[in-house]
Amino acid sequence: GSFSRTNMVIDATTGKDTRLYIPLSSTSDAKEVSFIKFTNNVSEEKKDPKKPKNFTFTDLKGLNFEMNLTVTEDAEVQLIFDEQAGDIIKSRGEGDIKLSINREGEFKMYGGYKVSQGEYLFTLLNFVNKPFTLVSGGTINWFGDPYGAELNLDAKYEQNTAVYNFIREEVELVPNSRDEAIKATKVVVTMHINGDLLKPDITFGLDFPNITSQLKSLTDNKLRLLRQDQNELSRQIFGLVVMGSFLPTNSNNVLPSDYVASAFNTFTQMISNQFSNYLAGLASEWFNDDVSSIDLD
């Protein structure tokens, strides 16, 4: 058809070293290129009506562009929540995505992507770096709006620590369980990321895969209580991820001021939203209730 209303339909498959960044928020300036010619206001046709008309870049009136993209595990997909803070989930997986731009410049995305492997690196200042591993089977789906993708992802973090602080009250009721409770065991933190790409709902879960049945009944009871108290659950996740151990139920003076100051200044937005209530309460205790209101961003 005419160059003034070009249609392009492309079927493509990702190859080695492919990178797909979501959201597509970065921009760059194009350098001047030699094959684009800018014409004068007075066209050659007006100067010499008999001279044949030549095609120029200004004849392009609009482009319909459509790409049917098959994403393979060769490609690295990055979900960028906050690039400066390092809130980036890197993954590899498979999917089929349709990308289209019409003549009016409207950009649409459709399709789905299934995660096979990946990671999220939680950082606090430069001395705490905790890797969360993506669970295979997570999905990202688009229904038109590229920024309106729906996330359903799980990421896990493992730590060896004692569960005594976590179930101290329960252990006191079952004295013969104390010896096992003070021994280090594997604890798995699961981060659930669901909902809208730009405002995901983030929740946490805990699992104790290697403990005995006696301790399991105690941790199960504790977890049932914590599901009704998300602030306390977030506090325990905070202690486990940042400090490497559970925190005592009585939180008075459990963290030195350096940790509090670090948490205030360096939490990334993705994680800080989950812990803000706990940190505000901790600050109130630290300042002896002199602080009436704290809003953490």
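Before we move on, is D207 open to solvent by 60 Å² or more (accessible area, probe 1.4 Å), within 22 Å of the chain's Cα centre (by Cα) and free of Cβ contacts under 8 Å to residues at least 24 places away in the same chain? Outline the logic, then answer.
On the way: open to solvent by 60 Å² or more (accessible area, probe 1.4 Å): yes; within 22 Å of the chain's Cα centre (by Cα): yes; free of Cβ contacts under 8 Å to residues at least 24 places away in the same chain: yes.
Against the criterion (open to solvent by 60 Å² or more (accessible area, probe 1.4 Å), within 22 Å of the chain's Cα centre (by Cα) and free of Cβ contacts under 8 Å to residues at least 24 places away in the same chain), D207 qualifies.
Pick out the one residue from K90, K98 that is among the basic types (K, R), over 14 Å from the mean Cα position of the chain (by Cα), part of a strand (DSSP E or B) and at pLDDT 90 or above.
Working: K90 fails: over 14 Å from the mean Cα position of the chain (by Cα).
So the residue among K90, K98 that is among the basic types (K, R), over 14 Å from the mean Cα position of the chain (by Cα), part of a strand (DSSP E or B) and at pLDDT 90 or above is K98.
Are any residues in the range 148-162 in a strand (DSSP E or B) and under 30 Å from G111 (Cα atoms), and if so, which ones?
Quick first cut of the range 148-162, residues in a strand (DSSP E or B) only: 150-162.
Hits for the range 148-162 are E150, L151, N152, L153, D154, A155, K156, Y157.
Residues being hydroxyl-bearing (S, T, Y) and touching a Lys or Arg at 6+ places or on another chain (Cβ under 8 Å): count how many of those fall in the range 133-191.
Within the range 133-191, the subset hydroxyl-bearing (S, T, Y) is 133, 136, 139, 147, 157, 161, 164, 177, 185, 190.
Subsequent filtering for residues that are touching a Lys or Arg at 6+ places or on another chain (Cβ under 8 Å) retains 133, 139, 157, 164, 190.
Of the residues in that region, 5 qualify.
Any residue in the range 170-180 that is open to solvent by 60 Å² or more (accessible area, probe 1.4 Å) and assigned to a loop (DSSP other than H, G, I, E, B)? Can you show your working first?
Of the residues in the range 170-180, the ones open to solvent by 60 Å² or more (accessible area, probe 1.4 Å) are 172-173, 175-176, 178-179.
If we keep only those that are assigned to a loop (DSSP other than H, G, I, E, B) too, we end up with none.
Scanning the range 170-180 turns up no residue that is open to solvent by 60 Å² or more (accessible area, probe 1.4 Å) and assigned to a loop (DSSP other than H, G, I, E, B).
With the structure loaded, tell me whether N160 is open to solvent by 60 Å² or more (accessible area, probe 1.4 Å), at pLDDT below 85 and polar (S, T, N, Q) or whether it fails that test.
Numbers: open to solvent by 60 Å² or more (accessible area, probe 1.4 Å): yes; at pLDDT below 85: no; polar (S, T, N, Q): yes.
It is false that N160 is open to solvent by 60 Å² or more (accessible area, probe 1.4 Å), at pLDDT below 85 and polar (S, T, N, Q).
Which one of these is at pLDDT 85 or above, over 30 Å from P23 (Cβ atoms), in a loop (DSSP other than H, G, I, E, B) and open to solvent by 20 Å² or more (accessible area, probe 1.4 Å): N250, N165, N221? Steps first, please.
On the way: N250 fails: at pLDDT 85 or above; N221 fails: in a loop (DSSP other than H, G, I, E, B).
Step by step, each of N250, N165, N221 is checked, and only N165 is at pLDDT 85 or above, over 30 Å from P23 (Cβ atoms), in a loop (DSSP other than H, G, I, E, B) and open to solvent by 20 Å² or more (accessible area, probe 1.4 Å).
Taking the range 1-24 only, how many residues are open to solvent by 100 Å² or more (accessible area, probe 1.4 Å) and in contact with a Phe, Trp or Tyr (Cβ under 7 Å, 6 or more places away or on another chain)?
1
The values are calculated or read from the model by the stated rules, or taken from the named source; none is laboratory data. Given the structure is predicted, the values throughout are model-derived calculations rather than measurements. Quick reminder, even Gly has a Cβ in these numbers, built from the backbone with ideal geometry, and neighbours come from all protein chains shown. Side chains included, ligands, DNA and RNA excluded: accessible areas come from the protein's heavy atoms. Shrake-Rupley method; radii C 1.70, N 1.55, O 1.52, S 1.80 Å.
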